[in-house]
1. Sort GLU138, GLU121 so that the residue with the fewest other Cβ atoms within 10 Å of its own Cβ comes first and the one with the most comes last.
2. Among ARG66, ARG124, ARG60, which comes first, then next, by fewest other beta-carbon atoms within 10 Å?
3. For LEU133, what charge total do you get from the other residues with a beta carbon under 10 Å from its beta carbon, if Lys and Arg give +1 and Asp and Glu give -1?
4. State the percent of C-alpha pairs, over all pairs in the stretch 23-148, separated by a distance greater than 26 angstrom.
5. Could you run the Debye sum over the Cα atoms of the stretch 110-174, one equal point scatterer each and no solvent, and tell me log10 of I(q)/I(0) at q = 0.12 Å⁻¹, two decimals?
6. Starting at the first residue of the stretch 16-27, write each ³J(HN,Hα) from the Karplus equation 6.51 cos²θ - 1.76 cosθ + 1.60 with θ = phi - 60°, in whole Hz, x for Gly and Pro.
7. Placing +1 at every Lys and Arg Cβ and -1 at every Asp and Glu Cβ, with all other atoms neutral, what dipole size does the stretch 110-174 have around its Cα centre, in debye to the nearest 20?
8. Starting with the fewest neighbours, write out SER146, SER50 ranked by other beta-carbon atoms found within 10 Å of each beta-carbon.
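Derivation of every value follows stated rules applied to the coordinates shown; laboratory data play no part. All of these numbers come straight from a predicted model, not from anything done at the bench. Ideal geometry is used to build each Cβ from the backbone, glycine not excepted, and the neighbour counts take in all protein chains shown.
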Amino acid sequence: MQRALFPKDGLPRHLRAHFDDFWAAYPPRKPNPRALAEVAYARAVKEGASPFDLAHAAARFADEVRAQKIDAAFVVHAATFLRQRRYLDYLTVPAPEAAPQEINEDHFLRAPLRGRIGDTEFRRWIMPLLLGLHDPGEKAIIAAPSAFHRDWVRGQFGAEIREALRVRVLEIIIAPPVRRRHTEGAAP
């Protein structure tokens with residue numbers, strides 16, 4: 001006898017808010033069966049996908065759809081995006097940009113890293129980082145938008161960031177994506 005993936009009343013309680021973040025970030029598509037997406041979402045999480053990474057990937061896919069002006073009729077169903085693990089493509093590749101992004105001169109790492117990291121790398125890898133805690137001489141906690149981003153920054157720039165912030169310990173956590181709502185209706 002096969003067990004149900006989740007209770008009859010929908011997603012498990014602990015996944016509902018995470019799925020809502022994913023659903024809100026996913027680009028508009030009509031029709032886009034929510035029930036099928038919930039099943040695929042629960043399965044993806046059960047197989048090890050991070051809810052934060054799924055929402056982040058959906059937001060990056062939505063950015064690509066907007067940048068390339070893809071008609072909603074050609075946007076893949078959310079269930080397909082999840083079942084075929086297409087979200088992995090949006091965790092390992094920089095998000096497409098409609099126009100070159102300006103460097104935020106007020107970013108907490110801009111001044112200390114000037115001259116150490118090129119502008120392209122700064123825009124792509126450092127600007128998305130957020131400062132959570134900074135205890136000079138001791139510890140800093142910064143947040144990255146995904147596990148891939150965190151791992152890349154830690155491996156490529158960890159020493160420079162630790163030195164720039166003048167701390168012994170640098171912890172990089174994954175920040176949940178900013179919750180975004182569709183403007184064309186309540187659900188995609």
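1. So the ranking, lowest neighbour count to highest, is GLU138, GLU121.
2. Ascending Cβ contact count within 10 Å gives the list ARG66, ARG124, ARG60.
3. Local charge sum for LEU133: -2.
4. Distances greater than 26 Å cover 34 percent of the Cα pairs.
5. -0.25
6. 4, 5, 5, 5, 4, 5, 4, 4, 5, 7, 5, x
7. Dipole magnitude for the stretch 110-174 comes out near 100 debye.
8. SER50, SER146
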